[in-house]
Amino acid sequence: MPEGRSALVEHFRDLEQQREASSLGMWIFLVTEIMFFGGLFLAYTVGRSGYPAAFGEASRHLDVALGGINTGVLIVSSLTMALAVWASQTGKRKMLLGYLGLTLLLGLTFLTLKGVEYADKFHHHLVPGSAFSFPGAAARPAELFFSLYFAMTGLHALHMVIGVGVLAFLFRQARRGRYTAQYYTPVEMSGLYWHFVDIIWIFLFPLLYLIDRHR
Amino acid sequence: MSEHIVPRKIYLVVCAALLGLTFATYRLALLDLGPWNVVAALTIASCKALLVTLFFMHARYGPRRTQLVILAGLFWLGLLLFLTMTDYVARGWLGRGA
């Protein structure tokens with residue numbers, strides 16, 4: 001079956017310029033995302049610089065095993081996403097569907113484990129608010145740590161949910177044969193977004209889970 | 001289409017490196033390196049981010065302008081962190097108020 005109508009939109013000179021414009025647009029969006037998360041990383045930097053011991057103590061209440069597994073899950077999901085892009089570039093539809101599906105499953109796995117963690121925090125009274133309870137004198141800075149923990153991983157999880165939604169959309173479109181070796185831009189751009197969300201977690205893991213693990 | 005197709009083997013090697021670095025960052029965190037723990041953790045995280053950006057996100061094979069955008073983003077983030085922290089430190093505001 002021919003690739004059908006050209007994917008070229010009229011205000012672009014050719015497909016390559018169109019693709020480059022899409023890429024530039026996505027990268028600039030990712031820079032705005034860097035600044036978006038950057039604000040929270042800034043708050044973390046101020047908090048941890050001011051209360052290093054308390055942050056360390058609070059950090060030890062996080063489940064390193066779950067956090068580590070989730071890090072692995074996201075790294076592998078970036079691999080499967082990159083392979084999905086590769087499949088779309090080489091016109092392998094079934095492989096594209098397979099890798100998109102895998103990436104989606106890994107994303108859902110991450111979110112499930114995150115849910116398990118959050119539930120555990122709730123049961124141990126570590127959710128900031130009236131029910132918060134932390135032993136020792138460092139209760140207030142510890143609550144600050146957990147506020148940052150929930151804000152940063154929560155914002156990240158929200159990005160994951162959006163990513164999963166995008167993947168589901170891509171999967172549906174791919175099943176309908178919308179992506180070919182000549183036109184796979186949505187797959188590639190979604191890949192950029194997915195890898196970016198992975199990079200955010202790459203920093204969140206050591207900063208939140210590995211503060212004072214040697215004690 | 002002049003889009004570069006990255007050999008799958010490179011993706012696999014990068015993934016293995018990322019998982020290895022994750023394990024390394026965990027092991028290093030178990031050692032007491034004093035102030036160097038943070039340095040080590042951030043250095044490893046930056047290496048991982050660099051690998052993802054260069055190979056998974058194709059920055060290595062893309063146009064110069066992509067690199068420019070990335071550097072611009074990092075510059076602005078650096079400015080945000082640096083200037084705010086100098087403000088806090090100069091005023092002695094770290095550690096007060098919580």
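The values are calculated or read from the model by the stated rules, or taken from the named source; none is laboratory data. Predicted model, so just to flag it, every value in this text is computed and none were measured. Every residue, glycine among them, receives a Cβ derived from its backbone with ideal geometry; neighbour counts consider all protein chains shown.
Being touching a helix residue (DSSP H, G or I) at 6+ places or on another chain (Cβ under 8 Å), buried (at least 19 other Cβ atoms within 10 Å of the Cβ) and either of a type outside the set (Lys, Arg) or at pLDDT 95 or above (or both) is a description that does not apply to A:GLY136. Filtering A:ALA53, A:ALA21, A:ALA82 for residues that are facing chain B (nearest Cβ under 7 Å), assigned to a helix (DSSP H, G or I) and small (Gly, Ala, Ser) leaves a single hit, A:ALA82. Meeting the requirement of 3 or more residues that are over 17 Å from the mean Cα position of the chain (by Cα), the helices (runs of 4 or more DSSP H) wholly within chain B are B:8-29, B:64-91.
Rundown of residues vs (1) free of Cβ contacts under 8 Å to residues at least 60 places away in the same chain; (2) among the charged types (D, E, K, R); (3) in a helix (DSSP H, G or I), yes/no style:
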{"residue": "A:LEU102", "(1), (2), (3)": "yes, no, yes"}
{"residue": "A:LEU108", "(1), (2), (3)": "yes, no, yes"}
{"residue": "A:GLY129", "(1), (2), (3)": "yes, no, no"}
{"residue": "A:LEU144", "(1), (2), (3)": "no, no, yes"}
{"residue": "A:TYR149", "(1), (2), (3)": "no, no, yes"}
{"residue": "A:LEU170", "(1), (2), (3)": "no, no, yes"}
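Determine whether region A:114-122 contains at least one residue that is crowded, with 22+ Cβ neighbours inside 10 Å and β-branched (Val, Ile, Thr).
no
Residues that are farther than 13 Å from A:LEU207 by Cα and over 15 Å from the mean Cα position of the chain (by Cα) within region A:36-45 comprise just one, A:GLY39. Only one of these is surrounded by 16 or more Cβ atoms within 10 Å (Cβ to Cβ), of a type in the set (Ser, Thr, Tyr) and over 25 Å from A:TRP86 (Cα atoms): B:THR25, B:THR43. Name it. Step by step, each of B:THR25, B:THR43 is checked, and only B:THR25 is surrounded by 16 or more Cβ atoms within 10 Å (Cβ to Cβ), of a type in the set (Ser, Thr, Tyr) and over 25 Å from A:TRP86 (Cα atoms).
Of the residues examined, A:TYR179 is not one that is part of a helix (DSSP H, G or I) and hydroxyl-bearing (Ser, Thr, Tyr).
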